[in-house]
Amino acid sequence: MQLYASKKRKLMISGLLFVGMILSFFDRVAINVGIIPIADEFHLNTSQTGFLISIFFVSYSLMQPLGGWMTDKYGARVMVTVSLFSWSLFTVMSGFAWSFMSLLFIRFLFGLGEGPFYPASMSTIRDNFPEEERGRANSFFLSAQNIGGILGTALAASMVVAFGWRGMLPLPGF
């Protein structure tokens, strides 16, 4: 018989993963909101802006299977922590980009850093929730994607208007 986390621990895990996923989607949509001023600053054409937006998803999708393997090897807690730290670092680094190529490279690294978060989160839910509670825990976690997209778009737009595209990212704009 496998023992699972207490109710208090499960609530904390659900809440932290939920907030993490909201932040994840905020970071994903922020570039879409800021792409016009980014394109203006770096004199980008439409192909370059499309590539800049897409490069994250290329590295993110490449990293997910590897992130699952790394989660099995190093543990979900380690991989969630590494992922949160690395994508936070690359968010800040995005604000310091000096050219199209530097921002493209940072966005690629951003996808690599964020890639393990989803598989590590799913593993965390599996390890802490009994089978009869996993559907609810997964759906709560996944609902953060839509909430993060909605809140992220609105917040990023108001931050771009108030502080510029660099100011929507933590630290560089201030």
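The values are calculated or read from the model by the stated rules, or taken from the named source; none is laboratory data. Just so it is clear, the structure is predicted and the values come from calculations on it, not from any experiment. Cβ atoms come from the backbone with ideal geometry, glycine included; neighbour counts cover every protein chain shown. In case anyone asks, the SASA skips ligands and DNA or RNA and just uses the protein heavy atoms, side chains included. Shrake-Rupley method; radii C 1.70, N 1.55, O 1.52, S 1.80 Å.
Our helix-only sum for the chain, with -39,500 (n - 2.57) per DSSP H run of n ≥ 4 divided by its residues, gives a mean residue ellipticity at 222 nm of -29000 deg cm²/dmol. Expressed as a whole percent, the accessible area of the chain that falls on carbon and sulfur atoms is 69 (1.4 Å probe). Ligands, DNA and RNA are left out, and with a 1.4 angstrom probe the accessible area of the range 10-64 is 48 Å² per residue.
ILE53 contributes about 50 Å² of solvent-accessible surface, heavy atoms of the protein only, 1.4 Å probe.
For the range 8-149, the gyration tensor built on C-alpha atoms gives a prolate shape. Its axis ratio a/c (a ≥ b ≥ c) is at least 1.5, and a/b is the larger of a/b and b/c. Summing Lys and Arg as +1 and Asp and Glu as -1 over all other residues whose Cβ lies under 11 Å from the Cβ of SER59 gives a net charge of 0. Against the chain, whose longest principal axis is taken from its Cα atoms, helix 131-163 shows a tilt of about 20°.
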